[in-house]
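Take a look at the structure below.
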Amino acid sequence: MNDNKNIKYIEHLIDLYFESRTDSAEETQLRRLLASTELTSAKIDEARAVMGYFAASRAIEGREKRKNAQTRILPRVRLIDIAASVALIAAFALALINLRPGDDSNRCLAYANDIVISDAAEVMGIMDDDLSAMREATEDFEAELIDQMQSIDIDL
Amino acid sequence: MSQILLLFTLLAIAFGQAAAQTGLNIDSAFDGRFRSSPDAVETEISGKTLKNSALDTYRSITLTEPALTSEIEALVLKDGAAAETRQVRYIEGRLYYAYYIFKPVDNYRRYLFFINGFLKGGKKMTLIYMAGEATPEQINKLISGRK
């Protein structure tokens, strides 16, 4: 007796479902009942077959959609990542080269009072003056150092 | 992920730019600030002109105005902390003479020389930066050849 009632209730939900009059709670309940009940009738079996097919199709469709989304997004993401990686490696390589701060450009310039002196002989003349100042100062430093050492020797 | 890589790329580029400098504090003295001064002479020599000296960079600043020297003195003192070899002399608490040799990288050496002649009645201050494969002995020969 109860079985009949239940069968009728399920068939009622099935009718509502195929007439698109079920709300989401009723639809969920119907799916759960079809999946769990051992009750059978022509309508219930038919609904189970159709809804099972739809559920399976939806699952496959969902998987394919996710797969398609991945295949669409992944190449774009990977291209950006690869480009960024290449740029990163190139930048680090340049940085490593620059750690040795050599200057391969050919320059021979002097600047004074907003005037650029590009005459090489004149610039080299300034360099000579600089290095002469360096020589004199270094000689003075060494002479004083020797004096100090000698005075320490005498004191000892 | 891409944003992180981009950030690292920008950092690496910035690092590269920084490394392109001499790596010394005196870099800021060579930023062009003295080029328009009537009391300064700045030189910039690199490449072929220096090939006989085993140097690839030579830069100098000569100042004939004592008031301008303290800024350079401070920079030179900072660089002295990183030098491998130092010869330093002070007069009345001021840096008078400094000759620094920095630790070589792949046989690439950097030298910094400073003399403040004003402290001994002179008329100029000289700052020299040299870099290249020249050894300290070659630098000594280079300067001793000047009379």
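Some points to look at:
- Ranking of A:8, A:43 by count of other Cβ atoms within 10 Å, fewest first: A:8, A:43
- Positive-end residue of A:116, A:138, A:148, charge dipole of segment A:110-155 with Cβ unit charges: A:116
- Neighbour-count ranking [beta-carbon atoms within 10 angstrom, fewest first] of B:57, A:22: A:22, B:57
- Residues B:114, A:18, arranged from fewest to most other Cβ atoms within 10 angstrom of their Cβ, appear as A:18, B:114.
- Taking 0.36 nm per residue of sequence separation and removing the Cα-Cα distance, the residue A:40/residue A:152 pair yields an extension gain of 28.6 nm.
- Proximal lysines relative to residue A:8, as straight alpha-carbon distance under 24 Å, when same-chain residues fewer than 8 apart are discounted: A:43
All of the numbers you see were taken from the coordinates with simple rules; none came from a lab. Bear in mind the structure is a predicted one, so any value in this text is a computation, not a measurement. Because the Cβ atoms are built from the backbone with ideal geometry, glycine has one as well, and the counts that use them run over all protein chains shown.
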